[in-house]
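Here is the structure we will look at, set down as structure tokens.
The values are calculated or read from the model by the stated rules, or taken from the named source; none is laboratory data. The structure displayed is predicted, hence computed values, not measured ones. Note that we place each Cβ from the backbone using ideal geometry, even for glycine, and neighbour counts take in every protein chain shown. The area values use the complete protein model at the heavy-atom level, side chains included, leaving out ligands, DNA and RNA. Shrake-Rupley method; radii C 1.70, N 1.55, O 1.52, S 1.80 Å.
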Amino acid sequence: MLHQCPECGALILGGGVKVDGGKAYCRRSCADRGIVRKCAHVIPPDAVRDEALRVRAGACPNCKKPSGPVESRMVYWVVGLINVTWWHDESFLSCRPCHRRRLVSRSIRTFLFGWWSVRGIFMTPVRLVRNVLAWRRPDPDAPSDALLGRVHFDLVLRLAKSPAAATAAATAAATAAATAAATAAGTANEGARSRELVASK
């Protein structure tokens with residue numbers, strides 16, 4: 001019996017990838033996205049930002065060297081073969097030198113092999129221009145939204161696969177939310193008292 005992937009909508013021909021709760025996904029990446037979607041609220045924003053700062057200041061995952069800020073980077077390529085065209089928007093964490101090396105290699109691949117299909121004729125110049133823009137784009141002063149999103153995804157996925165850690169994170173998040181609510185209520189009460197004192201005078 002055919003099933004539909006709850007994440008991307010593709011038909012699952014075989015058993016698919018099953019996770020806790022009985023849901024079946026077409027592939028592991030869809031299963032991971034489904035897990036993250038269900039548990040995304042567990043991680044407080046401050047924890048995501050702290051982890052993003054740690055990743056940004058750490059060693060590059062590719063060259064293993066502290067070669068500057070680690071960021072979420074993009075590289076674009078296309079390969080055409082008559083009626084078939086392959087293309088991909090690569091997203092990965094790296095320092096700037098590693099990013100530029102990959103930009104060069106993917107741009108060479110695109111320039112040499114991207115033109116050999118009807119769709120590739122139109123996609124090749126677009127991909128090359130996007131790589132040039134990515135080369136020239138400066139690093140942001142703070143963690144980018146793309147880096148924050150990737151770190152959030154990894155944290156939630158890591159916690160979801162470790163029930164004890166997920167429970168601890170949920171408790172911490174609830175405590176932080178309760179503290180913030182209590183602080184806001186205290187501030188509101190102080191403001192009300194101040195207004196009463198001013199009115200009584």
* **Directionally averaged projected area (convex hull, Cα atoms, region 83-125), nm²** => 3.1 nm²
* Want the number for Arg37 to Phe111: 0.36 nm per residue separation, take away the alpha-carbon distance, what's left? -> 22.9 nm
* Can you tell me how much longer the chain between Lys64 and Val118 gets when fully stretched, taken as 0.36 nm per residue apart minus their C-alpha distance, in nm with one decimal? => 15.4 nm
* **Å² per residue, accessible surface of region 29-169 at 1.4 Å** => 59 Å²
* Asked: Label Val104 and Ile82 with points 7 Å out from Cα along Cα→Cβ: what is the distance between them in nm?
  -> 3.5 nm
* To do: Starting from the Cα of Arg137, step 7 Å toward the Cβ, then list every residue of region 48-79 with an amide N under 16 Å from that point.
  => 69-77
